[in-house]
Amino acid sequence: MTLDHTLSTLTAAVLLGALLAVVILAATAYNAVCHALDTHTDRRARRAARTRHTRTRTAFDTEVEDTVTTALNNACCETWWTSCGFHHDPTCPHHTHRSAP
């Protein structure tokens, strides 16, 4: 093996190694950019879905909230709640005394 043959083989190996390093770096950079774009797209999609969900819920939530507020304001005592509206506590202002006939 001559010196020229050794130098040309070494040069070819160095060039091949450098090319391989460039390919690996390019693939790593591409993967990082793709991951960043996917993350950004997912965040935008979640934000848009949350905005749509909030906008469509608002009218319904207001109606439900008004209904619940009305029910709670008209509620009586704990016994009334636990007895499904049949009995009241003795101290409840809505308690009606029934006289025996």
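The values are calculated or read from the model by the stated rules, or taken from the named source; none is laboratory data. Here the structure is a predicted model, which means the values were calculated and not measured. Calculation scope for accessible area: heavy atoms of the full protein, side chains included, ligands and nucleic acids excluded. Shrake-Rupley method; radii C 1.70, N 1.55, O 1.52, S 1.80 Å.
Here are a few things to note about the model shown:
- Computed with a 1.4 Å probe over protein heavy atoms only, the accessible area of V14 comes to about 90 Å².
- Over 14 Å [Cα-Cα, the stretch 1-55], rounded percent: 73 percent
- Full-stretch length increase - R52, A75 - with 0.36 nm per residue and alpha-carbon distance subtracted: 4.8 nm
- Ranking of S8, S83 by solvent-accessible surface, largest first: S8, S83 (1.4 Å probe, protein heavy atoms only, all chains present).
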